[in-house]
Amino acid sequence: IFLFNGKEKICCIGSKMIEGGELMEKRFNDVQIECVTGDIANQTDISAVVNAANAVLKSGGGVAGALHRAAGPELAEAGKPIAPIQPGQAVITQAFALPNDYVIHCLGPVYGVDKPESSLLRQCCQHAIRLAEENKIRNIAFPSISTGAFGYPMEEAAEIAVDEVVKQTKHLRFALFSEKDEEIF
Ligand code: AR6
């Protein structure tokens, strides 16, 4: 399906099942965005996965819990010398037992607390993509940063994250936990 809204040409390429979940691909001019309803800890064809981290880079709930459980205790060990991090910041480690090469840890803003939250969320995306480029990472999967324990409304966060990554990169995946979240993205 091609939709023309004046400037943009949006192409929905369709959906298919991959190991990491149900994949939907969309193309915005020359940028390809994939959305998967699935677990960020099971993106087997991706070089770097982004962690919705805590400041001390330890395991926790949600995305951080899933990634640390799958990676093993070495992931928290690797985070010790580089923690704590600030909202908007991103740091990179190896991925250990995860099926990826790297984990890029982003500390998203706590909604209503870390201000201005929209620019801190944008910075997370920018810094993560910059680290991926610096490390010559071929592809990257993001979760929906800040929209769980940190309380960012999904619609607002999706608008910011998609807007920012479309500016920064040509090809990217979002791994989202539910079909509803995928629909919003
Ligand atoms: N794969 C993909 N998405 C997931 C997964 C998963 N395995 N698990 C949850 N989500 P959150 P935050 C979705 O809380 O808001 C942690 O405890 C979830 O539905 O992981 O940035 C850390 O230790 C939500 O939409 O991240 C921090 O203290 C989104 O991912 C704190 O939470 C983000 O939820 C970070 O909070």
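The values are calculated or read from the model by the stated rules, or taken from the named source; none is laboratory data. These numbers come from a predicted model, not from an experiment. For neighbour counting, all protein chains shown are included, and Cβ atoms are generated from backbone atoms with ideal geometry for every residue, glycine included. Areas reflect the complete protein model, heavy atoms only, side chains present, ligands, DNA and RNA absent. Shrake-Rupley method; radii C 1.70, N 1.55, O 1.52, S 1.80 Å.
Tabulated results
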| quantity | calculated |
| --- | --- |
| Rounded accessible area per residue of region 53-185, 1.4 Å, Å² | 48 |
| Karplus (6.51, -1.76, 1.60) ³J(HN,Hα), θ = phi - 60°, over region 138-149, in Hz, Gly and Pro reported as x | 7, 8, 9, 10, 9, x, 8, 4, 6, 8, x, 4 |
| Test item: Cα-centred dipole of the chain, Lys/Arg +1 and Asp/Glu -1 on Cβ, debye | 400 |
| Estimated FRET transfer efficiency (Glu155, Glu77; beta-carbon r; R0 41 Å; 0.05) | 0.65 |
| Order by protection proxy (mean Cβ within 10 Å, highest first), peptides 53-60, 78-85, 97-104 | 97-104, 53-60, 78-85 |
| Test item: Cα-centred dipole of region 33-112, Lys/Arg +1 and Asp/Glu -1 on Cβ, debye | 300 |
| Of all accessible heavy-atom area on region 120-183, the percent that carbon and sulfur account for (1.4 Å) | 48 |
| At most 12 other Cβ within 10 Å, DSSP loop - trypsin sites (Lys or Arg not before Pro), region 106-142 | Lys136, Arg138 |
| Label point distance in nm, Ser119-Glu179, each placed 7 Å from Cα along Cα→Cβ | 4.0 |
| Residue-span extension gain [Asn139 to Arg69] - 0.36 nm each, minus C-alpha spacing | 23.0 nm |
| Whichever aspartates and glutamates have a C-alpha closer than 14 Å to that of Lys26, once near sequence neighbours (fewer than 8 apart) are set aside | Glu8, Glu34, Asp163, Glu182, Glu183 |
| Cross-link pairs beyond the 30 Å C-alpha cut-off, checked among Lys16/Lys58; Lys80/Lys136; Lys80/Lys170; Lys16/Lys136; Lys58/Lys115; Lys115/Lys180 | Lys16/Lys58; Lys80/Lys170 |
| Label point at Val56 placed 7 Å out along Cα→Cβ; residues across region 106-124 whose backbone nitrogen lies under 11 Å | none |
| Table column - 3J(HN,Hα) (Hz), region 122-135, Karplus curve with 6.51, -1.76, 1.60, x for Gly and Pro | 4, 4, 3, 5, 4, 5, 5, 5, 4, 4, 4, 5, 4, 9 |
| Mean projected area in nm² (Cα convex hull; one quarter of hull surface) for region 35-179 | 7.4 |
| Rounded accessible area of His171 (nearest 10 Å², 1.4 Å probe) | 80 |
